[in-house]
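The values are calculated or read from the model by the stated rules, or taken from the named source; none is laboratory data. Here the structure is a predicted model, which means the values were calculated and not measured. Neighbour counts run over all protein chains shown; Cβ positions are idealised from the backbone, glycine included. Surface areas here come from the heavy atoms of the whole protein model, side chains and all, with no ligands, DNA or RNA. Shrake-Rupley method; radii C 1.70, N 1.55, O 1.52, S 1.80 Å.
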Amino acid sequence: MSLLEWLAIAVTIVTVYALIKRYETRLVLFTAGFVLCLVSLDPISALNSFAKSMTNNSLVMNICSSMGFAFIASYTQCDRSLVHYLASPIRGLGVLLIPICTIVTFFINIALPSAAGCAAAVGSTLIPVMLRAGIKPAAAAAAVMGGTIGSFLSPGTSHNAFVAAMANIEVMEFIGFHAVWSIISASIVVVGILLVCLVLGDHKGSKTETAQAVAQTDDDGFKPSVLKAIMTLIPITILVVGNVWVPAIKMGVAQAMVLGAVITLLVAYAMDRTNPQEFSKKFFNGMGQGYADVMGIIIAAGVFAAGLRATGLIDTFVDVLKHSNDIARWGGSLGPWIMGTITGSGDAATMAFNEAVTPHAPEFGMEVKALGALAFLTGALGRTMSPIAGAMVVVAGIAMANPMDVVKRTAPGCTIAVFVLALFMV
């Protein structure tokens with residue numbers, strides 16, 4: 001290995017440390033990549049990567065439109081209505097509330113792909129239900145947290161759009177490819193959380209133990225609406241029906257999200273006289289935040305990958321992988337998983353890996369979509385067992401539980417799921 005490659009390794013270690021310390025993700029990735037390009041005497045590579053990622057049509061359309069729809073679903077309280085109606089039939093089921101709440105959260109997270117946003121919307125309803133049933137706060141929080149991997153199957157998730165574009169396939173085709181493995185992972189997490197909670201006796205909580213937490217989570221007079229609940233599901237319904245059963249209405253993610261927003265506006269105006277001007281502002285604010293928060297990480301990860309390529313480290317790594325896809329299998333699973341756990345976000349590590357390594361998958365006997373999906377799924381599982389993840393902080397706060405106690409309940413299932421994926425998915 002050359003001196004530049006050793007320098008790239010050192011910079012990568014510093015980058016990981018900075019992410020662990022919770023420094024701003026985009027700044028860390030961009031700075032590391034730009035420095036590596038500078039020392040490689042090729043600064044223009046970093047700038048070209050930045051410019052190229054800024055104008056990636058499929059990513060910008062899918063991610064920004066999905067975030068726009070998520071914002072107006074929250075603004076019109078369509079998300080709360082959906083949670084209310086899914087939660088109503090499950091009250092009074094005792095210990096079965098734990099796996100059922102995880103499953104409910106999983107499916108809601110498909111419609112509301114933001115982990116923290118889904119945790120807030122779902123947790124404010126489901127956690128009090130579980131607490132009143134005598135389930136301990138940490139278990140109630142874990143049940144919801146475990147379901148925040150439902151975004152695996154959401155067309156609005158940035159990783160689905162990112163890997164699909166890389167593999168030159170449609171987003172729905174990529175989701176269809178990893179759907180079975182996503183459901184297997186979710187099933188392992190559901191069973192894992194339930195078994196740990198049973199062993200710890202979490203279904204035997206006392207009224208005294210949960211009274212304070214319940215008092216903190218009583219609702220604010222919100223009035224649910226069936227029509228509003230349906231609105232949240234419209235874009236996903238259009239995409240699934242169009243891709244599977246009715247080709248005549250087949251359309252892209254962005255088109256489905258905009259159509260869903262238009263229909264939601266009509267319903268919200270008819271029911272509550274929602275101000276169309278404010279509605280429009282929320283939608284475009286969501287699009288803007290989608291570009292800033294999600295596309296920003298993708299752009300910065302691209303610059304970091306450009307830096308690694310400029311030093312020659314990527315070429316060396318690919319040469320090693322050509323001799324054994326086992327290294328790629330474990331690197332693509334354990335790497336994003338560990339980083340997701342220690343940083344609270346699988347996005348940075350997963351994006352960097354998929355940007356730098358995944359395009360070379362055919363060179364070491366793997367498919368781009370398979371390696372990309374592996375990194376994406378395991379990174380999310382790592383985030384689900386991280387005590388500092390945004391969604392973890394949200395559910396622990398609602399339940400008034402210690403995040404580490406919640407992690408004790410999510411970690412076993414997530415860990416087993418990671419190894420199952422690594423061993424059998426690719």
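Ignoring ligands, DNA and RNA, what percent of the accessible area of the chain is carbon or sulfur (1.4 Å)?
On the way: 11580 of 17440 Å².
Carbon plus sulfur share of accessible area: 66 percent.
Can you compute the charge dipole magnitude of the range 1-143 about its Cα centre, using +1 on each Lys and Arg Cβ and -1 on each Asp and Glu Cβ, nothing else charged? Give it in debye, rounded to the nearest 20.
Numbers: 8 positive and 4 negative charges, 109 e Å.
With Lys and Arg at +1 and Asp and Glu at -1, about 520 debye.
Would you mind putting 21-29, 146-154 in packing order, based on average other-beta-carbon counts within 10 Å, highest first? Could you put the intermediate results ahead of the total?
Working: 21-29: 16.3, 146-154: 27.0.
Packing order, densest peptide first, comes out as 146-154, 21-29.
I'd like to know how the range 134-186 sits against the 2.2 N^0.38 Å rule of thumb: what's its Cα Rg over that expected value?
Values: Rg = 14.4 Å, N = 53, 2.2 N^0.38 = 9.9 Å.
Normalised Rg, Cα atoms only: 1.44.
Between M404 and L3, what is the spin-label point distance in nm, taking each point 7 Å from the Cα along the Cα→C-beta axis?
Modelled inter-label distance: 4.5 nm.
What is the helix-to-structure angle for 347-356, meaning the angle in degrees between its Cα long axis and the longest Cα principal axis of the chain, kept from 0 to 90 and rounded to the nearest 10?
Compared with the principal axis, the helix lies near 30 degrees.
Using the charge dipole of the range 234-373 (Lys, Arg: +1 at Cβ; Asp, Glu: -1 at Cβ; taken about the Cα centre), state which of Y269, N325, S345 has its Cα farthest towards the positive end.
Y269
So if we plug the beta-carbon distance of I13 and L198 into 1/(1 + (r/R0)^6) with R0 = 45 Å, what FRET efficiency do we get, rounded to 0.05?
On the way: r = 41 Å, r/R0 = 0.91.
That gives a FRET efficiency of 0.65.
Over the Cα atoms, compute the radius of gyration (one decimal) and Dmax (the largest Cα-Cα distance, rounded to a whole number) for the range 384-426, in Å.
For the range 384-426, the Cα radius of gyration and maximum Cα-Cα distance read 12.4, 40 Å.
Applying a 10 Å radius around every beta-carbon, put 280-289, 111-120, 87-96 in order of their mean neighbour count, most first.
Working: 280-289: 17.8, 111-120: 24.4, 87-96: 13.6.
Most protected by this proxy first, the peptides run 111-120, 280-289, 87-96.
Among rounded, prolate and oblate, which fits the range 226-315 when a ≥ b ≥ c are the square roots of the eigenvalues of its C-alpha gyration tensor, a/c under 1.5 means rounded, and a/b larger than b/c means prolate?
Working: a/c = 4.30, a/b = 1.81, b/c = 2.38.
Oblate shape, in that a/c is at least 1.5 and b/c is the bigger or equal ratio.
Compute the long axis of helix 137-146 from its Cα atoms, compare it with the longest principal axis of the Cα atoms of the chain, and write down the angle in degrees, 0 to 90, nearest 10.
For helix 137-146, the angle is close to 50 degrees.
I'd like to compare 40-51, 65-76: which one has the highest average count of other Cβ atoms within 10 Å, and what's the full order after that? If you can, show how the numbers build up before the last one.
Details: 40-51: 16.5, 65-76: 25.7.
The peptides rank, most packed first, as 65-76, 40-51.
Looking at the P(r) of the range 7-46, how many percent of alpha-carbon pairs lie beyond 14 Å? Provide the component values of the computation, followed by the final result.
Working: 341 of 780 pairs.
Of all Cα-Cα distances in the range 7-46, 44 percent exceed 14 Å.
For the range 1-133, take every pair of Cα atoms, bin their distances at 10 Å starting from 0, and report each bin as a whole percent.
Pairs per bin, as whole percents: 10, 25, 21, 20, 15, 7, 1.
Could you state the orientation-averaged shadow area of the convex hull built on the Cα atoms of the range 56-107, in nm² to one decimal?
About 4.4 nm², averaged over all directions.
Charges only on Cβ, +1 for Lys and Arg, -1 for Asp and Glu: so what's the dipole of the chain about the Cα centre, in debye to the nearest 20? Each step should come with its number before you reach the end.
Values: 23 positive and 22 negative charges, 178 e Å.
Rounded to the nearest 20 debye, it is 860 debye.
Checking the a/c ratio against 1.5 first, then a/b against b/c, what shape does the Cα gyration tensor give for the range 267-409?
On the way: a/c = 2.70, a/b = 1.58, b/c = 1.71.
Oblate shape, in that a/c is at least 1.5 and b/c is the bigger or equal ratio.
Give me the 1.4 Å probe accessible area per residue for the chain, excluding ligands and nucleic acids, in Å².
On a per-residue basis, 41 Å².
Taking the full set of protein chains and a 1.4 angstrom probe, give the accessible area of E355 in square angstrom, rounded to the nearest 10.
It works out to around 40 Å².
What's the long-distance tail for the range 63-172, i.e. % of Cα pairs beyond 20 Å? Can you show the working numbers first?
Numbers: 2429 of 5995 pairs.
Looking at the range 63-172, the distances longer than 20 Å represent 41 percent of pairs.
Pairs K228/K281; K21/K369; K204/K408; K52/K369; K228/K282; K21/K322: which exceed 23 Å Cα-Cα?
Numbers: K228/K281 19 Å; K21/K369 31 Å; K204/K408 17 Å; K52/K369 21 Å; K228/K282 17 Å; K21/K322 34 Å.
Exceeds cut-off: K21/K369; K21/K322.
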